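Below: the structure, in structure tokens.
Each value in this text was obtained by applying a stated rule to the coordinates, not by laboratory testing. Since this is a predicted model, take the numbers as computed values, not measurements. Positions of Cβ are backbone-derived with ideal geometry, glycine not excepted, and every protein chain shown enters the neighbour counts.
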């Protein structure tokens, strides 16, 4: 025997691994097996990918409410490929739901749950519930506003369940409110309890599939059996590769936002669950008052029960998939129902407040800028300065890097804006046609730029920049202070969101004396679009 | 075993195997490469070297060390902590102002300035340093460590503390 063969022989005689792999790969499958049976393998692959990316995220994640958010920001903004890892984990979760549902749909359509495969189906239903449990518990872990308020809704729904509700809520640590205990429980479930449970359930599921064999279709009994390897393995591999390619592209291209740190005192936040829970969210709205429990607990519980009992409800003989019109109609109805509920939920959800559009997965140094400097960003964008200048990282362009950290004085810059070639002989820069006050804001912003904050300043959202421009034009700073700049004749505007509602501030703009008798503030009748921006700007100011 | 693509069945088998191994190879590479980058590359440091204003150079007496206490941000992963730091600032000449780290280079005790003798004295094991940080006597193995310094508009700015080189001689 050659060396390699001897090694194989030794390994197999001591561990039996080769025989096991061979038995696994050369299993007999029915002649009708084909592309429609790839989804189970894809689901298993996605689960393993989730475990892999989840473990990597855990290497840089601090699972306490105090640090979770900051450590995730660190992963997104500072760790190499951190954004990709989070993208893979986030979209992998969504994809898993899709694939698990496709897998169940296929099994349902083909009637593959029928005797003797009832147990396989029921374990599969449990696996689907476990997949949803991952989604529910993982949703809280970024600990941003979205995570926090989504979980508040979920735990409240759980607490409505008849009899067991209060106990369930206590078990989830969310009896009175979502807090540190809830976080610890959700994290524990997500990374300690659910993964081994999933592995065990998958093992049982796969064992049962092997025990009973892949479900045959009518007509298979007269056709020769096929081998699992290599043709079906090839099909599974292609399907897995397509799923992975879609996942990878989504992780790279579709941005996963991070909202502001969870704020339990935020009364304006509108909670929204993850897309795959939206239909439940909508079902809830159909029932009001004492009937709410019907939509939130009883209907979902009945649906799960019906799913579990499918093999016992349908006990007819195996028929061809093309003859299973009733099953097909059910699937179509379910899809339409789900789609309609989700569509209504999406359509009727109010537009998120402007402040929720801030992407906290990027540096947010701009929050510390004074209104003058913020308004400068507006003119900086309006004048397209970056078409000729680099700012921090990026390919070198014609003009000098504006975030080099060495600055001329503001007076020099303003003179240069007006007469570029007078200050820098040979400069190809066109003169900037702005008023002195506007040039001043531009200079103020540029003075603030340095290599460390360039990214964090440029990520300032447009609404805040435009709000600051309105603030500057209205000369609000001659009576008010923001971020330590301005005059304290009127109240300091940092922290206004703690003191007032947005509606109050809008009304106050229109008629200050009506709301604060004796106020010296003149009325400002901004058009609605401007009003929205200035108020949104004031409400994102740090406290 | 080598698959010889002769019979139609064999060539189809070869086609399957190529794809199975090829696609799994691509998936493994697409997961392993980012994972290695994620684990092995140092994180981007956004809040790099910070310069802290420590003293007004014009107020310093020549060759009279002053103990300066300042706060500095320490970045540790996702945690930024503000820490108290100390430096001994000495204007050695009009051109040169230096800032020493506050610990003796022997075992890290805090030393102090002995005004009578114009020397830095470490109480732990009697290491003695000159006003320029050089070791005069005692067990200290090297001169006092210095902060990176720069002067801007008459203010002394301190950067990172650098371990001094050279021996006691």
Projected area averaged over orientations for the range B:89-133, convex hull of C-alpha atoms, nm²: 3.1 nm²
Chain B - share of DSSP beta bridges that are antiparallel (%, nearest 5): 95 percent
Fewest-first ranking of B:124, A:476, A:385, using other Cβ atoms within 10 Å as the exposure measure: B:124, A:385, A:476
Long-range tail of P(r) for the range A:365-540 (Cα pairs > 19 Å, %): 59 percent
Kirkwood hydrodynamic radius (C-alpha pairs) into Stokes-Einstein, the range A:44-187, 10 °C and 1.306 mPa s, D in µm²/s: 94 µm²/s
Label point distance in nm, residue B:130-residue A:170, each placed 7 Å from Cα along Cα→Cβ: 7.6 nm
Highest to lowest packing among B:14-24, A:328-338, scored as the average C-beta count within 10 Å: B:14-24, A:328-338
When the convex hull of its Cα atoms is projected in every direction, mean area for the range A:36-276 (nm²): 15.0 nm²
Added length on full extension, which subtracts the Cα-Cα distance from 0.36 nm per residue, residue A:516 to residue A:51: 161.7 nm
Additional length obtainable on full extension of the chain from residue A:315 to residue A:231, 0.36 nm per residue less Cα span: 27.0 nm
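Give the average, rounded to an integer, of partner chain Cβ atoms located within 10 angstrom of each Cβ in A:242-251.
Mean inter-chain Cβ contacts per residue within 10 Å come to 2.
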R0 of 35 Å, Cβ-Cβ distance residue A:265-residue A:197: FRET efficiency to nearest 0.05: 0.45
Share antiparallel - DSSP beta bridges, the protein assembly as shown, percent rounded to 5: 95 percent
Packing-based order for A:246-257, A:48-59, using average beta carbon neighbours within 10 Å, highest first: A:48-59, A:246-257
Rounded FRET efficiency, nearest 0.05, which uses the C-beta distance separating residue A:326 from residue A:21 and R0 of 35 Å: 0.30
Ranked A:146, A:315, A:22, B:13, criterion: other C-beta atoms within 10 Å, fewest first: A:315, A:22, B:13, A:146
Rg to Rh, two decimals, where the protein assembly as shown supplies the alpha carbon set and Rh follows Kirkwood: 1.07
Over the range A:117-253, volume per residue of the alpha carbon convex hull, in Å³: 163 Å³
For the range B:130-169 and the range A:334-408, distance of Cα centres in Å: 45 Å
11 Å reach of a label modelled at residue A:285, 7 Å along Cα-to-Cβ, counting backbone N of the range A:319-341: A:341
Within 10 Å of each Cβ in B:28-40, the average number of Cβ atoms from other chains: 5
Chain B - Rg and Dmax from Cα coordinates, angstrom: 29.6, 101
Mean ellipticity per residue at 222 nm, deg cm²/dmol - from DSSP H runs of n ≥ 4 across chain A, formula -39500 (n - 2.57): -18000 deg cm²/dmol
Separation between Cα centres of the range A:39-102 and the range A:479-542, rounded to whole Å: 41 Å
Over the range B:102-169, equivalent-ellipsoid semi-axes from the Cα gyration tensor in Å: 22, 14, 10
Ascending count of other beta-carbon atoms within 10 Å, so fewest first, for A:314, A:393, B:76: B:76, A:393, A:314
Cβ-derived FRET efficiency at R0 22 Å, residue A:368 paired with residue A:397, nearest 0.05: 0.20
Simple spin-label estimate for residue B:92 and residue A:299 in nanometres, 7 Å along Cα-Cβ: 8.0 nm
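Sort A:461-473, A:411-423 by the packing proxy (mean of other Cβ within 10 Å over each peptide's residues), most packed first.
A:461-473, A:411-423
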